[in-house]
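The values are calculated or read from the model by the stated rules, or taken from the named source; none is laboratory data. Since the structure is predicted, the reported quantities are computational estimates derived from the model, not experimental observations. With ideal geometry, Cβ positions are generated from the backbone for all residues, glycine too; neighbour counts draw on all protein chains shown. Ligands, DNA and RNA are stripped out before the accessible areas are found, and what is left, the full protein with its side chains, is counted by its heavy atoms. Shrake-Rupley method; radii C 1.70, N 1.55, O 1.52, S 1.80 Å.
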Amino acid sequence: MPADLSRRLVLTGLLATPALLSGCKVFDRLPPDGATRNLFEGANELTHATQKLVARDALAPEFTRADIRQGMRPNGVTNPADADYRALAANAWADWRLTVTGAVEKPLSLSLPDLMAMPSRTQITRHDCVEGWSCIAEWTGVQLSRVLAEAKLRPEARYVYFRSMDTIERGLSGGIKYWESHDLRDALHPQTILAYGMNGGPLPVRNGAPLRLRVERQLGYKMAKYLAGIEVVPALADKGGYWEERGYDWYGGI
Amino acid sequence: MAKGPLVYRQRIMTRLTHWVWAVSLFFLLLTGLQIFNAHPALYLGRQSGFEFDNAVLVLGARQDGDSLRGVTTVLGHEFDTTGLLGASGGEAHGFPGWATIPSYHDLATGRVIHFFFAWTLSLTLLAWFVSSLLNGHIRELIPTPSDLRALPGDVLNHARLRFHHGHRYNVLQKLAYAGVLFVLLPLMILTGLSMSPSFNAAAPWLLDVWGGRQTARTIHFAVMALLVLFFLVHVLMILLAGPLNELRSILTGWYRIDPEGDSHAR
């Protein structure tokens, strides 16, 4: 090939690269329920199945006190404005109850002292936000498996919904309160706890007081804060959570 | 100049996987930058320092009167990168919209596409490894002692833009392709997996290999930069060595070698 032609092609190539890249708006049209989106989201199932296969019942890494180098960074709602929440907080959670309902033999209504009277688990773990950052903190609470054992799961029980007290979004049809869900594999995992304590003190409001979920093998958005109720169900009635309805994967393990 | 003979140089598996990887890496890069933009900072260690400093790179934005300045901080040293990094088009984002998929902030969609192409890349890489072990292609990528002796001359020839078109890869090609296939891509997959909290439970020892999840994330980013560098040099070499011949070989497998044959590469 003549040298001048080669040189011209090089120049064209270099000049074309930014033009090619700025064409990426081409890929902006990916409707939430389109066929392409469904194809891509199909990979989430493969990812979930693989994670179940390789992680099995393994525990998330736990750390030491020396690894707690800062306060726990809060995310999402950090100070619920909801009137019922403020009233409960003003009364030091004396009137707050955690309800356990749905596919259980014995529905429960537990106060904070009830939960604290149960055997506790303390774990120093790394919280990974879907945004990419990590923060290590110590969490104290009761294993969810103990609470579910007390409520006695009925045979059809498959999933657990977690209902929060904080309004994350105000829409035309009123406020949307945060919610999440897990399958029994993660709900019954030994490190899955309902935490009322953090870094040696009571759980602060910005981190989900009076009670929040810790599911250590998944990302932060799966761990609902400001819990009010737990509902055991045979099947999910929606995409499984606030962020899942907005395109995030239901199994937040990666 | 007399034309050399056409030889069959690229097997169907090589050609197929090449293009699957090209498409996958394109989407992985641009969705990766979208994911990075959700928290445009890199750290060393197990966690991200919010109350202490372990950041190695931060793409930030700062209000300066009426304008928004992009500020890139590398190991504590600040650089004004307005228009490219930190702030562009009057908005604060790590990488500009033209470098991400989608072009606007949409972490959820970025993740869905990223993980889809992470699978296509990993599975085709695995298929390529197995078939290349069986058909001997892997040996064609590993430099021989005589290749290494020819290295200084080969570097000199490339620097002078004198390209030999042989039946086999020259030593710089072998080093570049082997580096990408045996080092960079496996590193990318392993550091990517190390960012998964569920994979951390399965293989906690891998975190210790890197020195923590945030270091794994930083390595993932650094290897991305090396892959981009490889891509730029790869395309430059194709353009300089004769783009039509090179493209024909990666599309049809047939490659025109120099009339004197491939004595040099052998």
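Bin width 10 Å, origin at 0, all Cα-Cα pairs of region A:54-166: what percent of pairs per bin?
Values per bin, smallest distances first: 11, 29, 40, 19, 1.
Pull out the extension gain between residue A:246 and residue A:117, defined as 0.36 nm times the separation in residues minus the alpha carbon to alpha carbon distance; nm, one decimal.
The span from residue A:246 to residue A:117 would gain 42.7 nm if fully extended.
So for chain B, averaging the separation of alpha carbon pairs under 8 Å that are six or more residues apart and normalising by length, what relative contact order in percent results?
Here the relative contact order equals 28 percent.
Please build a GNM for chain A, connecting alpha carbons under 10 Å apart, and tell me which residue among A:202, A:155, A:234 fluctuates the most.
Fluctuation is largest for A:155.
When DSSP beta bridges are limited to those with both residues in region A:58-246, what percentage is antiparallel, rounded to the nearest 5?
Here the share of antiparallel DSSP bridges comes out near 90 percent.
Work out the charge dipole of region A:58-246 with +1 on the Cβ of Lys and Arg and -1 on the Cβ of Asp and Glu about the Cα centre, then indicate which of A:189, A:165, A:140 is farthest towards its positive end.
With unit charges placed on the Cβ atoms, the residue in question is A:140.
Any idea of the total accessible area buried by the B-A contact, 1.4 Å probe, rounded to 100 Å²?
4500 Å²
Could you tell me which of A:88, B:183, A:248 has its Cα farthest along the dipole of the protein assembly as shown towards the positive end, charges placed at Cβ (Lys, Arg +1; Asp, Glu -1), taken about the Cα centre?
Farthest along the dipole direction, towards plus: B:183.
Once fully extended, how much extra length lies between residue A:183 and residue A:105, figured as 0.36 nm per residue of separation less the alpha-carbon to alpha-carbon distance?
26.2 nm
Classify region B:52-99 as rounded, prolate or oblate from the Cα gyration tensor: take a ≥ b ≥ c as the square roots of its eigenvalues, call it rounded if a/c is under 1.5, otherwise prolate when a/b beats b/c and oblate if not.
oblate
Give me the angle, in degrees from 0 to 90, between the Cα long axis of helix A:3-22 and the longest principal axis of the Cα atoms of chain A, rounded to the nearest 10.
Between helix and principal axis, roughly 30 degrees.
Quick one: putting +1 on the C-beta of Lys and Arg, -1 on the C-beta of Asp and Glu, what dipole do you get for the protein assembly as shown around its Cα centre, in Debye to the nearest 20?
1180 debye
Could you work out, residue by residue across B:92-99, how many beta carbons of other chains sit within 10 Å of that residue's beta carbon, and then give the average as an integer?
Going residue by residue through B:92-99 and averaging, the value is 2.
What does the accessible area per residue of the protein assembly as shown come to in Å², with a 1.4 Å probe and no ligands, DNA or RNA counted?
47 Å²
Which residues, if any, in region B:46-84 have at least 10 Å² less accessible area in the whole protein complex than in the isolated chain, probe 1.4 Å?
By number: B:46, B:47, B:48, B:50, B:51, B:52.
Let me cross-check residue A:56: its accessible surface, 1.4 Å probe, with only protein heavy atoms counted, in Å² to the nearest 10?
150 Å²
As a test of understanding, state the convex hull volume per residue of region B:3-151 from its alpha carbons, in Å³.
231 Å³
Could you tell me the convex hull volume per residue, in Å³, taken over the Cα atoms of region B:188-261? Each step should come with its number before you reach the end.
Working: hull volume 10.4 nm³, N = 74.
In region B:188-261, the Cα hull volume divided by residue count equals 140 Å³.
Can you sort B:209, B:74 by 1.4 Å-probe accessible area, starting with the largest?
Sorted descending by solvent-accessible area, the residues read B:209, B:74.
How crowded by other chains is B:102-109, given as the mean number of beta carbons from other chains within 10 Å of each beta carbon?
For peptide B:102-109, the averaged partner shielding equals 5.
Cα gyration tensor of chain A, axes a ≥ b ≥ c as square roots of the eigenvalues: rounded (a/c below 1.5), prolate (a/b > b/c) or oblate?
prolate
Report the label-to-label distance for residue A:81 and residue B:252 in nanometres (one decimal), using points 7 Å from each Cα along the Cα→Cβ vector.
About 6.8 nm separates the two model spin labels.
Specify which residue in the list B:209, B:242, B:104 is farthest towards the positive end of the charge dipole of the protein assembly as shown, using unit charges on the beta carbon of Lys, Arg (+1) and Asp, Glu (-1), about the Cα centre.
B:242
Using protein chains only and a probe of 1.4 angstrom, how many square angstrom of residue B:19 are accessible, to the nearest 10?
100 Å²
Percent of alpha carbon pairs in the protein assembly as shown separated by more than 32 Å?
52 percent
Based on the Cβ-Cβ distance from residue B:148 to residue B:221, what FRET efficiency comes out when R0 is 45 Å, to the nearest 0.05? Working shown, then result.
On the way: r = 31 Å, r/R0 = 0.70.
Efficiency computed from Cβ-Cβ geometry: 0.90.
Modelled label-to-label distance, residue B:206 and residue A:233, 7 Å Cα→beta-carbon offset: nm?
Inter-label distance under the simple model: 3.3 nm.
Evaluate the charge dipole of chain B about its Cα centre and quote only its size in Debye, nearest 20, assuming +1 on the Cβ of each Lys and Arg and -1 on the Cβ of each Asp and Glu. Kindly include the intermediate steps, with their values, before the conclusion.
Working: 19 positive and 16 negative charges, 227 e Å.
In debye, rounded to 20, chain B gives about 1100.
Output the Kirkwood hydrodynamic radius of region A:106-225, Cα pairs only, in Å rounded to one decimal.
Working: mean 1/r = 0.0661 Å⁻¹.
Computed over region A:106-225, the radius equals 15.1 Å.
Quote the charge dipole size of region A:29-104 about the Cα centre in Debye, to the nearest 20; the model charges only the Cβ of Lys and Arg (+1) and of Asp and Glu (-1).
Its charge dipole is roughly 220 debye.
State the extension gain, in nm to one decimal, for the chain segment bounded by residue A:39 and residue A:149, taking 0.36 nm per residue of separation less the distance between their alpha-carbons.
Length gained, residue A:39 through residue A:149: 35.7 nm.
Could you work out the equivalent-ellipsoid semi-axes for chain B, taking the square root of 5 times each eigenvalue of the Cα gyration tensor, largest first, in whole Å?
For chain B, the semi-axes come out at 39, 22, 18 Å.
Could you report the accessible area of residue A:106 in Å², rounded to 10, computed with a 1.4 Å probe on the protein chains as they sit in the structure?
Spelled out: residue A:106, probe radius 1.4 Å, area about 90 Å².
So what's the Cα pair-distance distribution over region B:120-214, bin width 10 Å, in %?
Taking every Cα pair in region B:120-214, the percentages come to 14, 32, 26, 20, 8, 0.
What Kirkwood Rh does region B:185-225 have if only Cα atoms enter the pairwise 1/r average? Answer in Å. Numbers along the way, then the final one.
Values: mean 1/r = 0.1025 Å⁻¹.
Radius from the Kirkwood sum: 9.8 Å.
Give me Rg over Rh for region A:154-252, both radii from the alpha carbons and Rh done the Kirkwood way, two decimal places.
Working: Rg = 13.5 Å, Rh = 14.0 Å.
Ratio value, two decimals: 0.96.
Once both labels are modelled 7 Å past Cα along the beta-carbon direction, what's the residue B:12-residue B:105 spacing in nm?
4.9 nm
Under 20 Å from a label point 7 Å along Cα→Cβ of residue B:80: give me every residue in region B:90-104 with its amide N that close.
Only B:90-96 fall inside the zone, counting backbone N under 20 Å.
Do any trypsin sites (Lys or Arg not before Pro) in region B:75-160 lie in a DSSP loop with no more than 15 other beta carbon atoms within 10 Å, and if so, which? Spell out each step's value before the answer.
Details: sites: B:111, B:139, B:149, B:160; in loops: B:160.
The qualifying sites are B:160.
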